[in-house]
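**Student:** First the structure, which I've put down as structure tokens, then a few questions once you've had a look.
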Amino acid sequence: MAKITRSISAKKSGVPSVPKKVAKKGAKVAPNGVAKKSAKPKSLKPKPWTSAEVYEAFSRFRKANPEPKGELEHLNPYTLLVAVVLSAQATDAGVNKATRALFAVADTPEKMLELGEEKVREYIKTIGLYRNKAKNVIALSEKLIAEFGGEVPRTRAEIETLPGAGRKTANVVLNMAYGEHTMAVDTHVFRVGNRTGLAPGNTPLEVELGLEKIIPPEFMLHAHHWLILHGRYTCLARKPRCEVCLINDLCRWPEKTV
């Protein structure tokens, strides 16, 4: 019978072998087999504007338009309040077209109540959500007479108690009617604050507080008008006109065209 020869295993050395590291899924592996840690993605957060840059930007706005005006037509604080309430989800041009005739016959809370909700609806029926807005105009007129002597109050908290009036409405009225240094944030200001990196925020309130923090007091009276007009005519939502932008060299938007 043929002799069967079994292979003898080599003697084990006294040093234990090092187990190979298993690379985590997605990790890069170096030539020596050791997994490298994946690099953390770089933050896309824009560099904050310096105080000098903010001052320069608003100096340019002031030079180009020293006395900016709001585009909502009004006769007094009351008609301004009504116009702002009506402007929600509507254009200023559309609101002006409707309120010219309305304010000609009702420029006080008392006259508006005499007109009545049904007739108010007829005047503003070209404006979106006109039925609910007519109801709010009558309700806020009643409250002004009952609680404020027919006058538009001078504090944000009081204005916000009026039907149809929120923080933005209060800020616009306080600024335009009473010269307060408030910052009204509409869709245009919200876009400009975020796109330029001037005052990024997830909500209008965050943008408002951010702008108030960085804008020098000497510019605050007109600041919200400059930003609204900039967003409405230059920093457009779909096709920003970067080529004619006054602050294109300061803007932090990575997609600007100049």
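**Student:** Any idea which of 96, 171 is of a type outside the set (A, V, I, L, M, F, W, C), in contact with an Asp or Glu (Cβ under 6 Å, 6 or more places away or on another chain), open to solvent by less than 60 Å² (accessible area, probe 1.4 Å) and part of a helix (DSSP H, G or I)? Working first, answer last.
**Tutor:** Details: 171 fails: in contact with an Asp or Glu (Cβ under 6 Å, 6 or more places away or on another chain).
Step by step, each of 96, 171 is checked, and only 96 is of a type outside the set (A, V, I, L, M, F, W, C), in contact with an Asp or Glu (Cβ under 6 Å, 6 or more places away or on another chain), open to solvent by less than 60 Å² (accessible area, probe 1.4 Å) and part of a helix (DSSP H, G or I).
Residue-wise test of (1) in contact with a Gly (Cβ under 9 Å, 6 or more places away or on another chain); (2) among the β-branched types (Val, Ile, Thr); (3) modelled with pLDDT of 95 or more; (4) within 22 Å of residue 70 (Cα to Cα).
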site: 180; (1), (2), (3), (4): no, no, yes, yes
site: 185; (1), (2), (3), (4): yes, yes, yes, yes
site: 188; (1), (2), (3), (4): yes, no, yes, yes
site: 202; (1), (2), (3), (4): no, no, yes, no
site: 212; (1), (2), (3), (4): no, no, yes, yes
site: 215; (1), (2), (3), (4): no, yes, yes, yes
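**Student:** Would you be able to say whether some residue in the range 130-148 is on the phi > 0 side of the Ramachandran plot and either at pLDDT below 95 or in contact with a Leu (Cβ under 8 Å, 6 or more places away or on another chain) (or both)?
**Tutor:** Applying the first criterion (on the phi > 0 side of the Ramachandran plot) to the range 130-148 yields none.
Within the range 130-148, not a single residue is on the phi > 0 side of the Ramachandran plot and either at pLDDT below 95 or in contact with a Leu (Cβ under 8 Å, 6 or more places away or on another chain) (or both).
**Student:** Which pairs turn up if I take residues in the range 45-61 that are at pLDDT below 95 and look for partners that are among the hydroxyl-bearing types (Ser, Thr, Tyr) with beta carbon separation below 9 Å, at least 6 apart in sequence or on another chain?
**Tutor:** 46/196
**Student:** Given the criterion in a loop (DSSP other than H, G, I, E, B) and open to solvent by 10 Å² or more (accessible area, probe 1.4 Å), identify the matching residue among 184, 90.
**Tutor:** That would be 90, the only listed residue that is in a loop (DSSP other than H, G, I, E, B) and open to solvent by 10 Å² or more (accessible area, probe 1.4 Å).
**Student:** Sticking with this one: With the checklist (1) among the acidic types (Asp, Glu); (2) buried (at least 17 other Cβ atoms within 10 Å of the Cβ); (3) touching a Phe, Trp or Tyr at 6+ places or on another chain (Cβ under 9 Å) in hand, flag the one item residue 218 doesn't pass.
**Tutor:** (2)
**Student:** Okay, moving on. Which one of these does residue 162 not meet: (1) open to solvent by 10 Å² or more (accessible area, probe 1.4 Å); (2) of a type outside the set (Val, Ile, Thr); (3) assigned to a loop (DSSP other than H, G, I, E, B); (4) closer than 29 Å to residue 131 by Cα?
**Tutor:** (1)
**Student:** Those residues that are open to solvent by less than 60 Å² (accessible area, probe 1.4 Å), more than 16 Å from residue 76 (Cα to Cα) and assigned to a loop (DSSP other than H, G, I, E, B), I need them from the range 125-154; list them, please.
**Tutor:** The answer is 127, 128.
**Student:** While we're looking at this one, here's another question. In the range 110-124, which residues are surrounded by fewer than 21 Cβ atoms within 10 Å (Cβ to Cβ) and not charged (D, E, K, R)?
**Tutor:** Let us first name the residues in the range 110-124 that are surrounded by fewer than 21 Cβ atoms within 10 Å (Cβ to Cβ), namely 110-111, 113-119, 121-122.
Matches in the range 110-124: 113, 115, 116.
**Student:** Does residue 72 fit the bill of being part of a helix (DSSP H, G or I) and either within 29 Å of residue 208 (Cα to Cα) or touching a residue at least 12 places away in the same chain (Cβ under 8 Å) (or both)? Even if it seems obvious, please write down each step before you answer.
**Tutor:** Details: part of a helix (DSSP H, G or I): no; either within 29 Å of residue 208 (Cα to Cα) or touching a residue at least 12 places away in the same chain (Cβ under 8 Å) (or both): yes.
So residue 72 does not fit the description; no.
**Student:** For the range 187-211, give me the residue count where each residue is surrounded by 17 or more Cβ atoms within 10 Å (Cβ to Cβ) and either in contact with a helix residue (DSSP H, G or I) (Cβ under 8 Å, 6 or more places away or on another chain) or charged (D, E, K, R) (or both).
**Tutor:** We begin by selecting, within the range 187-211, every residue surrounded by 17 or more Cβ atoms within 10 Å (Cβ to Cβ); these are 188-199, 204, 207-208, 210-211.
Still in the list and also either in contact with a helix residue (DSSP H, G or I) (Cβ under 8 Å, 6 or more places away or on another chain) or charged (D, E, K, R) (or both): 188-195, 198-199, 204, 207-208, 210-211.
Qualifying residue count, the range 187-211: 15.
The values are calculated or read from the model by the stated rules, or taken from the named source; none is laboratory data. Quantities reported herein were computed from a predicted structural model and do not represent experimental measurements. Note that each Cβ is placed from the backbone with ideal geometry, even for glycine, and that neighbours are counted across all protein chains shown. Protein only, heavy atoms only, side chains kept; ligands, DNA and RNA dropped before computing areas. Shrake-Rupley method; radii C 1.70, N 1.55, O 1.52, S 1.80 Å.
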